[in-house]
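This is the structure I want to talk about, given as structure tokens.
The values are calculated or read from the model by the stated rules, or taken from the named source; none is laboratory data. Source: prediction; values computed, not measured. Cβ placement follows ideal geometry from the backbone for every residue including glycine, while neighbour counts extend to all protein chains displayed.
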Amino acid sequence: MLKTFGFLEPAFLWALTFLGLVLLVHFLKRPRTLRLMFSTLRFFDESAVAANRSNRLRRLLLLFVRLALATLLVLLFARPFIKNDPLRVIGDPQYEVFIWIDRTPSMEYRENDLSIGERARLLVDSLAEIRSAAGMFLYDHDRREFVDLEQARELSFSIRHAPAAAPLQQACERAVGSSKRPAFLIFSDFQSATTGVLVEIMSSEAMKKVPVIGTALTPKKPWNAAVAGVSGTSDRETVIAARLVTSGKRGFSGSCIATIGTIRMPPFPCTLSSGIDTTVTMTAHRPGEAGWGSVTLRGDDPFAFDNTGHFVFGRSEGFSVLIVGDEAENYPIAAALRASEERRKRAIAVRAPDAVISGACDSADLIIVNGYRNVARPLEMLQNYRGSKKQAFIVASASSDSAPHAEAHLLHRLSIDAVPKKTDPPLNVALPDTISGLWRGFPSMRVAEARVYEYADGLKGTPLLLLTNKKPLVVATSDAFGRPWIVAATPLGVTSANNLCETGFYVPFIDRLVRSARSALEGRNEAWTAGAAIKNPWYNSRVPARLLGTDNTLILQLQQQPSFVVELPGVYTVVPPAGTPYLQVVVPDTLESRLDYRLPAADRWTVVSPQELFASMEGRGRSLWRLAPLLLLGLLLFSELLLRRGKQR
């Protein structure tokens, strides 16, 4: 029984000691026995004896009823509940229910002419009708506070291009700080990225005793078509290449519309099969006058959030990588690049030093030099080769067992004279931050699993990654030709100098190094993500930088804030304090397009479907279970009254 039932106010159970007082009063008020002397008993019939027995039974029943009354009153104050009914808090008027509706972009997914977010609002309104809206509150993301549900009926639902972490953290703090008995009800589609944030916040110390119920609004058969990337070139004619992807079990049929500045090109029909990844090329027979444009998919797509991609002319989405070095030693680098998020945008080749020719160098956007041995001719070619276009390099310092140190010749051309050092105990990797475009998404600034046993001391340049002894592990610099170089103080492939390629840090680490090289190669930062924190490169500058819209309206002024957020995707003009203004692309968060759903697995969570939630609420309202204690209390009071009157006769 105790395993089935629990008590919300167990302190009241101490009042059961009052039963002893009831027994004491009962025995103190027992009828006294008077001894009378009779000369004979022949005038007493058997009915007198029966009446005496009846009075004894009545007194025992009266005692039982009074004890049951006292016990029932104590239990009512202790508020019993069924332990295996986690939804009890929604219908319990003693709880204040705080409702949070997920407003990440994935909630725009539409089913049956309603988005998931709109369904959530309708469900909240229906919930208020079943249970009185008193004691129920809805979080207003714009005002950043909870609003009484009656007042919240006029609130409109709109997505926010921002992670769920910040608004949910604020909502939890306000709910816990304003209520003695809060309960959380979350309406979400539970995208994997959002679920991770929800579980982490709801597992915090402040939320340990707060009941959390999640209502899953996950689509039954999700599918999607998206514009994954766009590039444009404008010379004698304008050529726009859009990479289109589909996911789920359905295809896409519609059109692709390109816009250059404010000029719209004719629709381009496109039909995509399920799981397709293709590039559509559109040509305008005159150069684009604006420096930017967009491509939009039009058709039957339930998730239009990612149907528009923006581009800036001259920004290429294609990117070829040449890895020079021992093939076995460099296999992890190529595998990491193929496993990264942007794998479809990269052409990757691994060449042994003897096989490196000028044609291979000429076709590569990025050359990675790792695991080089004593091969003088290719080294000289790489040192002096400028190529027909601007290129970027990543070079890793060789370990002390690579003799002679071929990479040292490359570093010497960069005015870097690094000295190999061994360290015992090994050092860990330390990130400079976790909010910049380069390192955004990493869970912490220290990577304890990544250990470095040997590194090159004396690297010069802008540190991109550090060791825990504050020595640079990776730096960015440039050579005499103005080409960007990224230099690592330890080998990047299979080596005894570190365990990098054996850790989960390796794939995103290699991916971010290549992104950094590509960003430097293009002469501008990578595309920013709408709603995500962006590290301010002009922090504390004497003259503020400005972020302008395409119509030259001022969006942000950047100077004193260490980071900033751009709310909406699109193309913006960045006016730095010194230098030439340039166009910056802001893209939607690609994590929201993946349709990757994961329900919380935490023990304290209860995740139900809308049907299960409302079936429980409606059944609770119609059930006699809620009236049973009151009916029992009335029956006991009536029985006590009858027994007491019978006693008085």
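Looking at 143, 160, which one is under 21 Å from residue 567 (Cβ atoms) and touching a residue at least 24 places away in the same chain (Cβ under 8 Å)?
Of the residues listed, the single one that is under 21 Å from residue 567 (Cβ atoms) and touching a residue at least 24 places away in the same chain (Cβ under 8 Å) is 160.
Looking at residue 549, is it among the small types (Gly, Ala, Ser) and over 30 Å from residue 212 (Cβ atoms)?
yes
Are there any pairs with C-beta distances below 7 angstrom linking a residue in segment 564-581 that is outside the structural domain of residue 434 (by TED's automatic domain parsing) and within 18 Å of residue 230 (Cβ to Cβ) to a residue that is small (Gly, Ala, Ser) and surrounded by fewer than 18 Cβ atoms within 10 Å (Cβ to Cβ), with the two at least 6 apart or on different chains, and if so which?
Short answer, once both residue conditions are applied: 572/549.
Which condition number in (1) part of a loop (DSSP other than H, G, I, E, B); (2) crowded, with 19+ Cβ neighbours inside 10 Å is the one that residue 180 fails?
(2)
Within the bounds of segment 120-132, is there any residue that is in the same structural domain as residue 171 (by TED's automatic domain parsing), among the hydroxyl-bearing types (Ser, Thr, Tyr) and modelled with pLDDT of 85 or more?
No: segment 120-132 contains no residue that is in the same structural domain as residue 171 (by TED's automatic domain parsing), among the hydroxyl-bearing types (Ser, Thr, Tyr) and modelled with pLDDT of 85 or more.
Something else: Residue 493 - would you say it is part of a loop (DSSP other than H, G, I, E, B) and touching a His at 6+ places or on another chain (Cβ under 9 Å)?
In short, no.
Among the residues of segment 243-253, write down those that are more than 25 Å from residue 599 (Cβ to Cβ) and surrounded by fewer than 19 Cβ atoms within 10 Å (Cβ to Cβ).
Hits for segment 243-253 are 251, 253.
Ok, one more. Can you find a residue in segment 468-485 that is more than 23 Å from residue 520 (Cβ to Cβ), surrounded by fewer than 22 Cβ atoms within 10 Å (Cβ to Cβ) and among the β-branched types (Val, Ile, Thr)?
Yes; the residues of segment 468-485 include at least one that is more than 23 Å from residue 520 (Cβ to Cβ), surrounded by fewer than 22 Cβ atoms within 10 Å (Cβ to Cβ) and among the β-branched types (Val, Ile, Thr).
Additional query: For segment 98-122, give me each residue that is within 23 Å of the chain's Cα centre (by Cα), under 21 Å from residue 150 (Cβ atoms) and not charged (D, E, K, R).
Across segment 98-122, the qualifying residues are 98, 99, 100, 101, 117, 120.
OK, next. Would you tally the residues in segment 548-597 being among the charged types (D, E, K, R), in contact with a Gly (Cβ under 8 Å, 6 or more places away or on another chain) and surrounded by fewer than 19 Cβ atoms within 10 Å (Cβ to Cβ)?
1
Which strands (runs of 3 or more DSSP E) does segment 548-649 wholly contain that include 1 or more residues that are more than 20 Å from the chain's Cα centre (by Cα) and at pLDDT 85 or above?
By residue number, 554-558, 570-575, 582-587.
Let me ask another. Enumerate the pairs (first residue in segment 55-80 and touching a residue at least 24 places away in the same chain (Cβ under 8 Å) and assigned to a helix (DSSP H, G or I); second residue anywhere and crowded, with 16+ Cβ neighbours inside 10 Å and among the hydroxyl-bearing types (Ser, Thr, Tyr)) with beta-carbon separation below 8 Å, excluding pairs fewer than 6 apart on the same chain, so at least 6 apart or on different chains.
61/639; 65/639
Are any of the residues in segment 496-505 part of a strand (DSSP E or B), of a type in the set (D, E, K, R), surrounded by fewer than 17 Cβ atoms within 10 Å (Cβ to Cβ) and without any contact (Cβ under 8 Å) to a residue 24 or more places away in the chain?
no
Being buried (at least 16 other Cβ atoms within 10 Å of the Cβ), at pLDDT below 90 and hydrophobic (A, V, I, L, M, F, W, C) is the filter here, so list the residues in segment 436-463 that pass it.
438, 439, 442, 456, 459
Could you list, in sequence order, all residues of segment 94-153 that are on the phi > 0 side of the Ramachandran plot and of a type outside the set (Lys, Arg)? Show your work before the answer.
Of segment 94-153, the ones on the phi > 0 side of the Ramachandran plot are 112-113, 135, 144.
Across segment 94-153, the qualifying residues are 112, 113, 135.
Can you tell me which residue within segment 504-540, out of those that are touching a strand residue (DSSP E or B) at 6+ places or on another chain (Cβ under 8 Å) and polar (S, T, N, Q), is nearest to residue 450 (Cα to Cα)?
For segment 504-540, the residue satisfying everything is 516.
I need the full set of residues from segment 217-242 which are within 20 Å of residue 583 (Cβ to Cβ), surrounded by fewer than 18 Cβ atoms within 10 Å (Cβ to Cβ) and in contact (Cβ under 8 Å) with a residue 60 or more places away in the chain, in order please.
Hit for segment 217-242 is 233, nothing else.
Counting only residues that are buried (at least 22 other Cβ atoms within 10 Å of the Cβ) and farther than 22 Å from residue 146 by Cβ, which one in segment 191-216 is nearest to the chain's Cα centre (by Cα)?
Result: 195.
Looking at segment 423-440 only, could you name the residues that are in a loop (DSSP other than H, G, I, E, B) and over 13 Å from residue 534 (Cβ atoms)?
431, 432 - these are the residues of segment 423-440 that are in a loop (DSSP other than H, G, I, E, B) and over 13 Å from residue 534 (Cβ atoms).
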